[in-house]
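Working notes for the structure below.
The values are calculated or read from the model by the stated rules, or taken from the named source; none is laboratory data. Note that this is a predicted model, so its numbers are computed, not measured. No Cβ is skipped: glycine too gets one built from the backbone with ideal geometry, and neighbour counts run over all protein chains shown. These area figures cover heavy atoms from the full protein model, side chains too; ligands, DNA and RNA do not enter into them. Shrake-Rupley method; radii C 1.70, N 1.55, O 1.52, S 1.80 Å.
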Amino acid sequence: MHKIFGIKENVAYTTRIGAYIIPVKDNKIGVIKTSKGYFLIGGGKDENETDEQCIKRESLEETGYNIKIEKKLCSAELYTYHEKIGYFNPIQTYYVGKINNQTQPPKETDHKLLWLNIEEIKDNMYVEMQGWAIKQMLKGLE
């Protein structure tokens, strides 16, 4: 399933492809908290990087933990205007998985891994389409 957020204007967009994991443990989801809000673990893909490589790298940078991807869930994209980037089109693919062991301290010290109740976090993500992805995961659990 793929969902489009926002309205595409007739202008050039900067596209950013990203991959994210929704780690689940004991009816809670692991999310990253920053000064801006809550985000899924993941980020933009480097050149020639697979989704799995991206998520593993980002997880180590953001949390210091290894992850295990279990299955692809859905994808979404957004057409928006970003203060620094201009017209912006992030395209994100979401996976369900688990967080394993911590192997290093996180590199991004302003990122904090929190385990939050699924019902509590689904409507409180900084990026609307990440909240939508959590809701898609919930539908699969019903």
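Can you name every residue in the range 73-131 that is farther than 17 Å from G30 by Cβ and part of a helix (DSSP H, G or I)?
E128, M129
Just to be sure, is I55 among the aliphatic types (A, V, I, L, M) and in a helix (DSSP H, G or I)?
In short, yes.
Out of (1) more than 25 Å from E119 (Cβ to Cβ); (2) open to solvent by less than 50 Å² (accessible area, probe 1.4 Å), the odd one out for E47 is which?
(2)
If I filter the range 83-102 down to residues being within 14 Å of the chain's Cα centre (by Cα) and more than 20 Å from E70 (Cβ to Cβ), which single residue comes out as most open to solvent (accessible area, probe 1.4 Å)?
I91
Step by step: first the residues of the range 114-142, then only those that are out of contact with any Lys or Arg (no Cβ under 6 Å at 6 or more places or on another chain) and of a type in the set (D, E, K, R), then the one that is modelled with the highest pLDDT. Which residue is that?
The selected residue is E128.
Kindly provide the set of residues from the range 71-81 that are surrounded by 14 or more Cβ atoms within 10 Å (Cβ to Cβ) and over 14 Å from the mean Cα position of the chain (by Cα), ordered by number.
The answer is Y79, T80.
Name the residues in the range 103-123 that are out of contact with any Ser or Thr (no Cβ under 7 Å at 6 or more places or on another chain) and open to solvent by 90 Å² or more (accessible area, probe 1.4 Å), would you? Don't jump to the end; show me each part of the working.
Step one: of the range 103-123, the residues out of contact with any Ser or Thr (no Cβ under 7 Å at 6 or more places or on another chain) are 103-105, 107-109, 112, 114-123.
Listed by number, the residues that qualify are P105, K107, T109, K112, E119, E120, D123.
Between a residue in the range 51-76 that is more than 19 Å from Q104 (Cα to Cα) and without any contact (Cβ under 8 Å) to a residue 60 or more places away in the chain and any residue that is open to solvent by 60 Å² or more (accessible area, probe 1.4 Å) and part of a strand (DSSP E or B), which pairs come within a Cβ distance under 7 Å, given they are 6 or more apart or on different chains?
E70/K98
Quick one: which of K3, K36 is of a type in the set (K, R), in contact (Cβ under 8 Å) with a residue 40 or more places away in the chain and either open to solvent by less than 30 Å² (accessible area, probe 1.4 Å) or in a loop (DSSP other than H, G, I, E, B) (or both)?
Working: K3 fails: either open to solvent by less than 30 Å² (accessible area, probe 1.4 Å) or in a loop (DSSP other than H, G, I, E, B) (or both).
Checking each option against the conditions leaves just K36.
Going through the range 6-33 one residue at a time, which ones are surrounded by fewer than 11 Cβ atoms within 10 Å (Cβ to Cβ) and closer than 24 Å to L138 by Cβ?
Scanning the range 6-33 gives K25, D26, N27.
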